[in-house]
Amino acid sequence: MPEKFKQGMPDPEEDESPEINIPEELPLLAVRDIVVFPNMILPLFVGRESSVLAIEAALAQDRLIFLVTQRDPDIDDPEPADIYQVGTVCLIMRMLKLPDGRLKILVQGLTKALIKSFLQEKPFMRATQEQITEQIMEEISIEAEALMRNAREMTEKILSLKGILSPEMSSILESIDEPGRLANLIASNLHLKIEEAQEILEQREPIHRLIRINDYLRRELEVSTMQAKIQSEAKEEIDRSQREYFLREQLRAIKKELGDFEERPDEIEEYQQKITKARMPRGVEEEAVRQLTRLEQMHPDAAEATMVRTYLDWLVEVPWSRNTRDKLELKEAKTVLDADHYDLEKVKDRILEYLSVRKLNKKMKGPILCFVGPPGVGKTSLGRSIARAMGRKFTRISLGGIRDEAEIRGHRRTYIGALPGRIIQGLKNAGVNNPVFMMDEIDKIGQDFRGDPAAALLEVLDPEQNFAFSDHYLNVPFDLSKVMFILTANLVDPIPSALLDRMEIIRLAGYTEEEKLEIAKKFLLPRQLQENGLNPTELTITPNSLRELISHYTQEAGLRNLEREIGSLCRKVARRIAEAEKGPFTISRGNLHRYLGPPRYLPEAEQEKDEIGVATGLAWTEFGGELLFVEASLMKGKGQLTLTGHLGEVMKESAQAALSYARARSQLFNLSEDFYEKLDVHLHVPAGAIPKDGPSAGVTMATALISTLTQIPVRKDVAMTGEITLRGKVLPIGGLKEKALAALRARIKQIIIPEANRKDLTEIPKHIKRRLKFILVQNMDEVLQVALTRLPTREETKKSSSRARSTTRPIASRPS
Ligand code: ADP
């Protein structure tokens, strides 16, 4: 409309159409869909051949052409009956030939005219015309004035509703004060239907024309108002969301001004930076960016947005490319290991070998170290030392009690509160992708759901696959191949065998009292003093009191409790110093109980004398070696065997075997052949709340049983371990060093062990062998010869069968 309106605008300076002599005969052009008014200037496209010819004819003459509108715009080849009677004579102001053969002309309406007659129809129409002169009103009546004002106002309103009212237009409307011309101007711009426009054109009376125009204007105004309303409603809808956006932006600005930090666009920007900084592998970065784009499109408070944020936080914090440089100086490594640990020479040697191989071959895919031993023997601290020696970070997770694969591999993100598995968590804590990664309690894993967590662990540990470990939560592969894994366990047996295959077991059995004393003096005490802010001059703990602490306040293979007790002493002294008491303080054997109360443990052997029916066995548990007492008693009865003390299946079978052995040897021990028929035997293993199982208590049970049967006491300073067959053969056991240490702790002087364990004696340090006599036996008879205070008397033995005697060998006490 504005285009057309402008084009349709008469020159306001020029009141009248140009004074041109209009001939009576003119070429006539049928116009399809517009009614041309006088004073109107407008472009027309002309394509029909007849029309082109008409224009050419006009141009050849005086550029005048008679434009008359077709009644039906769809007629291509109109005849005289198809066009209206009244049209407008126009001046062709300009003509342009378009490349497609059409013409573009610019015409100006000069005057209304009536067709008088057609002179020709083909090849173009030619007609005679008669001008219709406008009535010029001499004086503008009030009615005309009112109509004109109305028309102007409504036109302006319509234009402004359409948003196209300009001051220029207002002034044109204002400048025309002749009703007929005003009506023409408005009509030509009103988008009237052809018939309506033609009706206006044909209306000779200017006032009537204005009245019609006012009608049309009113209708148009209503339509325009309605249109504007509809539009504004639709726009309101759009506006509301925009408004919210603006308000939020304002809020953000206000918060920023107040220092309340809560950001959105910054958040995205920050993540972007973090992603770049994390130097992720390509695939991972793509995923991160994809998630970030999702986040950007979400409402910041949506639950889903929180999930995406948590995920991104993980992605950017996992150490994809951060690492430390390995120090592989062996001398230095040895210094570090020695500085942190007393003794453990073999273990240290093995670690140094391991590091040497790594130095030679960086891509080594060797076995994974697994430290096995009771709590407190230094597994963790060795791990830390290795990390320190290599210049790596150290991180540690515990696998104890893990039942679910997801603990290792993470939960899928579809779960609420899903997190990555412990491997990725451990790495995040380490902050680098090549830490020394310790996994504790590998022997406690998957005891409920065997298989699954172990299988996931295999994937973690296997150098063939762990370069692309996939955590369910991250859902992108992580390269674990640079991590140095170290495992720890208390016992070897429960470790799933598939894992065991890939490990190199390094055993730490525990320490003797002397070793503990040395460690306490050199490591634990200085560390505890420092941790409790004490100066070494302020507190002295005498060696004797340390010894007392070791033997009567703790009873363990490792050093945990000892360190705790030393820590407790330090704290108590620190408090006294803080309370302004004058030091220095000395803790001696005499005043130890004042700090820690009465002794907690009596070494077990000390509480026994040589007794009938009680034998001391040695067991191997996850806490190291332990003493195991077996009591036997006899009652009149019918040969029943009762077992108590929370025994497992294997121990029950051992008891049966012991009884059968006793029966087989009844002659040797001077027992009536049917002794068991009149007796009930009760075997009991005290400390009954602790479940006990394992095959190495056979000899102990048999010894206790024979002791009651023969009424000969068992030596209190002898402990034993070994399984027996029905014929009394003694079979080998595990955990020799642990058991030896337990025996030493209990002041036992000799232990009876199976001959088949002779090879394990090489593992036992000399200082242990010096204080503990190892007696190697092949059968039960030999056990009894050592364990009982005396053998059955000569007379007694004489009575026994020669066959039985021949299997009895002399006492085999071979200290090694
Ligand atoms: P684990 O991991 O085997 O349960 P830790 O490594 O926690 O045992 O050891 C317990 C404490 O005993 C630690 O403070 C550790 O430094 C100390 N410790 C253990 N063995 C030695 C040793 N051979 N020399 C010095 N300190 C030791």
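The values are calculated or read from the model by the stated rules, or taken from the named source; none is laboratory data. Bear in mind that the values here come from a model prediction, so they are computed numbers and not experimental data. Positions of Cβ are generated from backbone atoms using ideal geometry, with glycine treated the same way; all protein chains shown enter the neighbour counts. For accessibility, only protein heavy atoms count, side chains too; no ligands or nucleic acids. Shrake-Rupley method; radii C 1.70, N 1.55, O 1.52, S 1.80 Å.
At a glance:
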| read-out | value |
| --- | --- |
| Selection from region 697-723 of residues that are open to solvent by less than 10 Å² (accessible area, probe 1.4 Å) and among the aliphatic types (A, V, I, L, M) | 697, 699, 701, 702, 704, 705, 706, 712, 714, 718, 719, 720 |
| Test result for residue 338, part of a loop (DSSP other than H, G, I, E, B), under 24 Å from residue 526 (Cβ atoms) and within 16 Å of the ligand (Cβ to nearest atom) | no |
| Residue tally, condition within 19 Å of residue 529 (Cβ to Cβ) and more than 14 Å from the ligand (Cβ to nearest atom), over region 550-569 | 3 |
| Selection from region 350-383 of residues that are open to solvent by 80 Å² or more (accessible area, probe 1.4 Å) and either within 13 Å of the ligand (Cβ to nearest atom) or free of Cβ contacts under 8 Å to residues at least 60 places away in the same chain (or both) | 353, 359, 360, 362, 363 |
| Condition check for residue 270: modelled with pLDDT under 85, farther than 24 Å from residue 380 by Cβ and open to solvent by 50 Å² or more (accessible area, probe 1.4 Å) | no |
| Test: residue in region 142-153 that is modelled with pLDDT under 85, surrounded by 13 or more Cβ atoms within 10 Å (Cβ to Cβ) and not β-branched (Val, Ile, Thr) | no |
| Check on residue 455, in contact with a strand residue (DSSP E or B) (Cβ under 9 Å, 6 or more places away or on another chain) and not in a strand (DSSP E or B) | no |
| Residue count for region 103-139, restricted to those that are surrounded by fewer than 18 Cβ atoms within 10 Å (Cβ to Cβ), touching a helix residue (DSSP H, G or I) at 6+ places or on another chain (Cβ under 7 Å) and not in a loop (DSSP other than H, G, I, E, B) | 1 |
| Residue check for residue 316: without any contact (Cβ under 8 Å) to a residue 24 or more places away in the chain, out of contact with any Pro (no Cβ under 7 Å at 6 or more places or on another chain) and either within 16 Å of the ligand (Cβ to nearest atom) or not charged (D, E, K, R) (or both) | no |
| Qualifying residue in region 742-750 (condition: aliphatic (A, V, I, L, M) and touching a Phe, Trp or Tyr at 6+ places or on another chain (Cβ under 9 Å)) | yes |
| Members of region 295-313 that are open to solvent by less than 80 Å² (accessible area, probe 1.4 Å), in contact with a helix residue (DSSP H, G or I) (Cβ under 9 Å, 6 or more places away or on another chain) and assigned to a helix (DSSP H, G or I) | 295, 305, 308, 309, 311, 312, 313 |
| Residue 27, sole failed condition from (1) touching a Pro at 6+ places or on another chain (Cβ under 7 Å); (2) open to solvent by less than 30 Å² (accessible area, probe 1.4 Å) | (1) |
| Qualifying residues in region 502-518 (those that are closer than 16 Å to residue 377 by Cα and away from the ligand (no atom under 13 Å from the Cβ)) - the one nearest to the chain's Cα centre (by Cα) | 505 |
| Odd one out for residue 454 among (1) within 16 Å of the ligand (Cβ to nearest atom); (2) without any contact (Cβ under 8 Å) to a residue 60 or more places away in the chain; (3) under 30 Å from residue 738 (Cβ atoms) | (1) |
| Given (1) surrounded by 19 or more Cβ atoms within 10 Å (Cβ to Cβ); (2) under 30 Å from residue 366 (Cα atoms); (3) within 16 Å of the ligand (Cβ to nearest atom), index of the condition residue 499 fails | (3) |
| Where residue 521 falls short, out of the listed (1) touching a residue at least 40 places away in the same chain (Cβ under 8 Å); (2) within 14 Å of the ligand (Cβ to nearest atom); (3) farther than 30 Å from residue 454 by Cα | (1) |
| Residue count, region 387-398 (criterion: within 12 Å of the ligand (Cβ to nearest atom) and buried (at least 24 other Cβ atoms within 10 Å of the Cβ)) | 0 |
| In region 725-760, the residues that are of a type in the set (A, V, I, L, M), assigned to a helix (DSSP H, G or I) and either surrounded by fewer than 17 Cβ atoms within 10 Å (Cβ to Cβ) or in contact (Cβ under 8 Å) with a residue 60 or more places away in the chain (or both) | 740, 741, 742, 743, 744, 756 |
| Residue in region 524-540 that is within 16 Å of the ligand (Cβ to nearest atom), over 42 Å from the mean Cα position of the chain (by Cα) and not hydrophobic (A, V, I, L, M, F, W, C) present | no |
| Condition broken by residue 578, with the remaining ones in (1) of a type in the set (A, V, I, L, M, F, W, C); (2) closer than 25 Å to residue 377 by Cβ; (3) more than 14 Å from the ligand (Cβ to nearest atom) satisfied | (2) |
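To keep it simple, each residue is scored yes or no on (1) touching a Phe, Trp or Tyr at 6+ places or on another chain (Cβ under 7 Å); (2) under 26 Å from residue 421 (Cβ atoms).
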| residue | (1), (2) |
| --- | --- |
| 312 | yes, yes |
| 319 | no, yes |
| 323 | no, yes |
| 347 | no, no |
| 370 | no, yes |
